[in-house]
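The values are calculated or read from the model by the stated rules, or taken from the named source; none is laboratory data. Small disclaimer: the values here were computed from a predicted structure and weren't measured. As a convention, Cβ positions derive from the backbone with ideal geometry for all residues, glycine included, and neighbour counts pool all protein chains shown. Side chains are part of the model used for accessible areas, which takes the heavy atoms of the whole protein and leaves out ligands, DNA and RNA. Shrake-Rupley method; radii C 1.70, N 1.55, O 1.52, S 1.80 Å.
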Amino acid sequence: MSETLKRQVTVQAGGKLEFVCPELEAGQTVEVIVHHEPVKPRRSAWEIINDGPRERLFKTAKEVDDYLAEERASWDR
C-alpha cells in the first residue's frame, strides 16, 4: 500500500529543495512531485503608473495637495 506524505518547503538558492522525512528509510525508492504556482514578474511603481489611464486627474503635486486640503476642510463643515 502506498502512502502520501506532504510537506511545504522553501526553495533555496540555486533552486535547491530540502525535504526531510524521518518516516522514510535510507535506500528506499520514492517518487517526488513538485507543484508550484508560477512567479509573477515584479513590476516597478513607474510601470504600474504608466499602465494607468493617460489622462491624469492631477497634473502636479500642488494640485493634489490643494485637492486634499479642500477635502479635509469639507470634513469640518
**Q.** Sparse-neighbour loop sites [chymotrypsin sites (Phe, Trp or Tyr not before Pro); segment 38-76; at most 16 other C-beta within 10 Å; DSSP]
**A.** 58
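Just the Kirkwood number for the chain, please: inverse of mean 1/r across all distinct Cα pairs, in Å, one decimal. Write down the numbers at each step before the final one.
On the way: mean 1/r = 0.0520 Å⁻¹.
It is 19.2 Å.
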Q. By how many degrees, 0 to 90 and rounded to 10, does the Cα axis of helix 61-75 deviate from the longest principal axis of the chain?
A. 80
**Q.** Sparse-neighbourhood loop sites, GluC sites (Glu not before Pro) in segment 47-77 - DSSP loop, at most 10 other Cβ within 10 angstrom
**A.** 55
Q. Roughly how many percent of the accessible protein surface of the chain is carbon and sulfur, given a 1.4 Å probe and a whole-percent answer?
A. 55
Q. Over the heavy atoms of residue 34, what accessible area does a 1.4 Å probe trace out, to the nearest 10 Å²?
A. 90
Q) If the cut-off is a Cα-Cα distance under 18 Å, which aspartates and glutamates reach residue 62, setting aside same-chain residues fewer than 8 apart in sequence? A) 70, 71
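Count the net charge of all other residues whose Cβ sits under 15 Å from the Cβ of residue 17, scoring Lys and Arg as +1 and Asp and Glu as -1. Mind showing how you got there, number by number?
Values: positive: 6, 7, 16; negative: 18, 31.
Summing Lys/Arg as +1 and Asp/Glu as -1 gives +1.
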Q | Accessible area expressed per residue, segment 1-67, with surrounding protein chains retained (probe 1.4 Å, Å²) | A | 108
Q: Give me the distance between the Cα centres of segment 45-76 and segment 1-42, rounded to whole Å.
A: 48
